[in-house]
Amino acid sequence: MTAWTTTSATSRSRRLWESAPASFKVGVAMLIGHILLASVGPFVAPFGSAEIGTGIPLSGMSLAHPMGVDQIGRDVFSRVLYGAHIVIVLSLAGTALGLVIGSLVGLLSAYVGGLFDEIAQRVIEAFVSIPYLVLGLLAVYAAGPGLAGQPALMVIVIAIVYAPRIARMARAAALDIVTRDFVTAARLRGDGAWSIIRRDLAPNAASTLLVEFALRTGYAPALIGAFGFLGFGVQPPTPEWGLMISENRNLILVSPVTVLGPGLTLASLVVAVNLTAEGLARILGRSADFSVR
Amino acid sequence: MIEVQDLTIDYETASGRLRAADAVSFTLAPSEVLGLVGESGSGKSTVALALLGHVAATARLVRGQVLLRGENLLSLPPALLAASRGRRIGFVPQNPAAGLSPHLRVGGQFVELVLQHGVVGSRQEAMTLARDQFALVGLPEPHQLVRRYPHELSGGQQQRVCIAMAVACRPELLVLDEPTTGLDVTTQARIIDLLKDLRSRFDIGMLYVTHDLGVLAQIADRVGVMYAGRLVEIARADRLFSNAGHPYSRGLIASVASVEGTTVRARRLRGMLRRKELPAGCAFFPRCDQSEPSCADRPQALECVSDGHSVACQRWKAILTQSTATVEAETQSVSSRTANPAPLVRLDDVSITYDRRSVWRRLLGCKDRLVVKDLTFSIGEGEIVGLVGESGSGKSTIARALSGLLAPVRGDIRFRGLPLPRLADRSLDLRRDIQYVFQNPDASLNPRERVHTALSRPLLLYFKPDHREADQRTRQILQEVHLEPSYATRFPDQLSGGERQRVALARALVARPAVILCDEILSALDVSVQASIIELLAGLRRETGVAMLFISHDLAVVRHLADQTGVLFRGALVEFGRTEMLFQPPFHPYTEELLLAVPAYRKQARRSRPSASLKTRTPSSHGCVYASRCQHHRGRICDEEVPPWRHTVSGHAIRCHIPLSELENERVIGIDEDGARLAAAIS
């Protein structure tokens, strides 16, 4: 134990990494791969994102076109590389914003309770009862035509769609925590609501919320794609993966690889985020110094 | 009859193997009661379960055998083992609520058991047997009781059902795993009486696992002491208590807080069992005061020191020659303080309810069910007031009312002469002055917060110090509660139960309060840890002059700590006054019951009541709260009239219809020698 207090911060994080669950390490490695892909992808892509006539349309997998060529002759692999940063930024940022808003509302609702909780819950239920797409479209419509198709708007739309659902989750997790003695102790002591939420509720609900975050990040690209498909999200020819999947899905039987390429890439991102978040949740479930346990 | 040989069991944990039982060997003769005692983590429950042929899924049997009349239970095929369990070996679990299936009627569970083992042929016979057995274990109205669900029974009754089921097939051996740990003192005493009674009637051998030596003194023939998975001493009970040969056994004995008040400052156990940091030699070496350097690397084996007495310590000769007198140090209790300090907190006719006070209920004419009724007492500056009573007596409710979590329905609570407002209206300063320490330190510390953060939160809130000052103060407060400053970086799950409670105390102390409300803060801790916390509290009071409301169900603990003590029964005070006076006649009948129930190994001759059953009358709403259970019930007046307070010359108050002079004589009927001995021990 005494050794622990004297070791430097670097070796501490090294020990932390070594004792982390294997799934977490795999997830982090995959995530780093994706981020690398997103940052260097456009520079190493063999073709441009909107370049047509790169090959015979729907010609399937080949060495020059590992993910095939779409119906207007664009190289799918290059488009996946170009689109990586869009997906990562939009879905992660949108879900993260939704997580922040949702957790705050949910935790506060559980902590304050009473009438405030009742009202907040009814409002959240109203939001949740509106289907994803309709709610998103309402938000796009409210923002006005000038903003349609802007990435920032997409982030906000995703946050609006996700926040109420995350809020419910956060409230459920916090309801159990607020009854525990350490929260009562903080209340008796005179700590404010914000302090209690920040130091007592949020850290203890973190593992639940992180899993929720990972799951939702996985759905976000599909949601972005759906909006694009309807003409309200990111517009073609933006190489957004969800958009690419929906553009090519009619031709899945003719050339499966043009759909599977972006689809599997998206899936691997989802798996990466999930593994990371789950691993993080497991780490947070224990104390930071594993050697003692 | 049963022979355990070289039993060694490992647990597979995330960080490697943990030896839960290490070469444990002992025998148990027919109808003998063997007690197995040790702190949590000593492996006593693992051994107990092995006697049932059970090895947990995460555990691995390394070697050894458990022979029941020559048959090794650990290698028995599952079918035969299942037939032996319950039939030849009965088991009584620690938590009866968990031992009974919540959605089956208790009679049904009993029937299932006896049919399974073919004790009786038909369901009807089984049901009759159930009623007989329930009557045998002293359950009231067995005819109705068989149709009840477990949650409709009290904890003591649930445990009786478990015992009835365990002895239903007349087993040769009964394994009891801390059967009374979750129960009140009074209930515990009755369960022990019952077990003694059963043993004398049916010649059942028992293995009684507990951490409470006081209990073993009453029931065990022989006692085995376990430490870190090893049996370190085994001896006849009387010999162990009078002449223990292992330093750990001596420490355990010294740690038991007794009502006599002799041993509180004796040489208790220090430190805690850390299974990860055991030396190659004697496992007890890091905590041993009697050790020699060679103890660290020489493993200790049980060695026979006299007939039936074995000790695993190379220094047993030296230790046995030390008389127990060296262990007993100061007889003076901590609670000798100047009388009548200025009142800090005053409660006047306070009544509290958990009912919601809605207009609707008032319209319907619903009366509030009062948890606490017309309570009057005060806590002086720097005074420790103890509140004693069984669960459900409203002790914690009072602390909650003082803390502001509950508002009284009637009455007046004053702090420094001013009315105490609702929590929301309390100033930061007032909140700082009244600090609360919870029963269970696992729940009262934020698991995601390091000790340092937990302590600096109240500091920053109340005193707004800069970083260096806060650091310094945290360090200082950790020292005050006898924890290493390096603990500041730990998370609660890296601390033992006792250490967590120290941190919780430190968190209250760091606010420099005027009064600390201690709500059963010892009940979740091991005996050895309890003793050290009591001493810590006494020391803190001496140094800081903080007042305390000390709530406990344990009279012995209060005896050592409190200046004044109140005895609560069903929300009403029945006795209040200076703590020493509480332990001297005249006793309130309920206090007398409590005192009789305290297991203290010195008084083996505790009078057992004629019947182990509960004598209960229906509680009445008008009269004396205790009337329904009173041994000295005086007829109608007790049921119908609220008894008056009677004051002794020494300023002690007892609420009873029976005049003081008679109360003083009454006890002769109840506890002739015990009472005398108690009085003698105290004076």
Filter the stretch A:1-34 down to the residues that are exposed (fewer than 14 other Cβ atoms within 10 Å of the Cβ) and at pLDDT 80 or above, then identify the one that is farthest from the other protein chains (Cβ to nearest Cβ). A:Gly33
Of all residues in the stretch B:412-425, which are modelled with pLDDT of 90 or more and within 12 Å of chain A (Cβ to nearest Cβ)? none
Please specify each residue of the stretch B:155-204 satisfying the condition of being at pLDDT below 85, assigned to a helix (DSSP H, G or I) and not basic (Lys, Arg). B:Gly155, B:Gly156, B:Val185, B:Thr186, B:Thr187, B:Gln188, B:Ala189
Kindly establish whether B:Leu455 is in a loop (DSSP other than H, G, I, E, B) and within 13 Å of chain A (Cβ to nearest Cβ). no
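Looking at B:Arg512, B:Arg502 in this structure, which one is under 23 Å from B:Gly539 (Cα atoms) and within 28 Å of the chain's Cα centre (by Cα)?
Numbers: B:Arg512 fails: within 28 Å of the chain's Cα centre (by Cα).
Answer to the selection: B:Arg502.
Within the stretch B:464-498, how many residues are part of a helix (DSSP H, G or I), within 12 Å of another protein chain (Cβ to nearest Cβ) and of a type outside the set (S, T, N, Q)? I'd like the intermediate steps shown before the answer.
Keep residues of the stretch B:464-498 that are part of a helix (DSSP H, G or I), which gives B:467-480, B:485-489, B:492-494, B:497-498.
If we keep only those that are within 12 Å of another protein chain (Cβ to nearest Cβ) as well, we get B:485-489, B:492-494.
Next, from what is left, pick out any that are of a type outside the set (S, T, N, Q): B:485, B:487-488, B:492-493.
Residues that pass the stated criteria total 5.
Each row is one residue, and each column tells you yes or no for (1) β-branched (Val, Ile, Thr); (2) touching a helix residue (DSSP H, G or I) at 6+ places or on another chain (Cβ under 6 Å).
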{"residue": "B:Ile89", "(1), (2)": "yes, no"}
{"residue": "B:Pro96", "(1), (2)": "no, yes"}
{"residue": "B:Gln109", "(1), (2)": "no, no"}
{"residue": "B:Arg131", "(1), (2)": "no, yes"}
{"residue": "B:Val146", "(1), (2)": "yes, yes"}
{"residue": "B:Glu152", "(1), (2)": "no, no"}
{"residue": "B:Gln159", "(1), (2)": "no, yes"}
{"residue": "B:Ala164", "(1), (2)": "no, yes"}
{"residue": "B:Thr180", "(1), (2)": "yes, yes"}
Quick check: is even one residue across the stretch A:179-190 on the phi > 0 side of the Ramachandran plot and within 13 Å of another protein chain (Cβ to nearest Cβ)? yes
Helices (runs of 4 or more DSSP H) (entirely within the stretch B:21-133) containing at least 3 residues that are touching a strand residue (DSSP E or B) at 6+ places or on another chain (Cβ under 7 Å): B:44-50
When (1) in contact with a strand residue (DSSP E or B) (Cβ under 6 Å, 6 or more places away or on another chain); (2) buried (at least 24 other Cβ atoms within 10 Å of the Cβ) are applied to B:Val557, the one that fails is (1)
Scanning for something among the hydroxyl-bearing types (Ser, Thr, Tyr), closer than 24 Å to B:Gly566 by Cα and either exposed (fewer than 15 other Cβ atoms within 10 Å of the Cβ) or modelled with pLDDT of 65 or more (or both), does the stretch B:356-368 turn up at least one residue? no
Write out, first by first residue and then by second, each pair whose Cβ atoms fall under 7 Å of each other, whose residues are 6+ apart or on separate chains, and whose first residue, in the stretch B:65-80, is in contact (Cβ under 8 Å) with a residue 24 or more places away in the chain and among the basic types (Lys, Arg) while the second is surrounded by 12 or more Cβ atoms within 10 Å (Cβ to Cβ) and not in a helix (DSSP H, G or I). B:Arg69/B:Met1
Of the candidates A:Arg216, A:Arg198, A:Arg189, the one satisfying the condition of being closer than 21 Å to A:Ala172 by Cα, without any contact (Cβ under 8 Å) to a residue 12 or more places away in the chain and of a type outside the set (Ser, Thr, Tyr) is A:Arg198
Residue tally, condition within 16 Å of A:Ser268 (Cα to Cα) and out of contact with any His (no Cβ under 8 Å at 6 or more places or on another chain), over the stretch A:68-88: 6
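Residue by residue, here is whether (1) surrounded by 22 or more Cβ atoms within 10 Å (Cβ to Cβ); (2) touching a residue at least 24 places away in the same chain (Cβ under 8 Å); (3) touching a Ser or Thr at 6+ places or on another chain (Cβ under 7 Å); (4) within 25 Å of A:Ala277 (Cα to Cα) holds:
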{"site": "A:Asp75", "(1), (2), (3), (4)": "yes, yes, yes, no"}
{"site": "A:Val80", "(1), (2), (3), (4)": "yes, yes, yes, yes"}
{"site": "A:Ala84", "(1), (2), (3), (4)": "yes, yes, no, yes"}
{"site": "A:Val128", "(1), (2), (3), (4)": "no, yes, no, yes"}
{"site": "A:Leu135", "(1), (2), (3), (4)": "no, yes, no, no"}
{"site": "A:Met154", "(1), (2), (3), (4)": "yes, yes, no, yes"}
{"site": "A:Ile160", "(1), (2), (3), (4)": "no, yes, no, yes"}
{"site": "A:Arg168", "(1), (2), (3), (4)": "no, yes, no, yes"}
Since B:Arg448 meets every condition but one in (1) at the interface with chain A (Cβ under 10 Å from one of its Cβ atoms); (2) within 16 Å of B:Ala399 (Cα to Cα); (3) modelled with pLDDT under 90, which condition does it not meet? (2)
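State the number of residues belonging to the stretch B:411-425 that are in a loop (DSSP other than H, G, I, E, B) and on the phi < 0 side of the Ramachandran plot.
Qualifying residue count, the stretch B:411-425: 3.
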In the stretch A:28-71, what count of residues is obtained for those that are part of a helix (DSSP H, G or I) and either aromatic (Phe, Trp, Tyr) or under 30 Å from A:Leu16 (Cβ atoms) (or both)? 14
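The values are calculated or read from the model by the stated rules, or taken from the named source; none is laboratory data. Keep in mind the model is a prediction, meaning the values are calculated, not measured. Cβ sites come from the backbone with ideal geometry, for glycine too, and all protein chains shown count toward neighbours.
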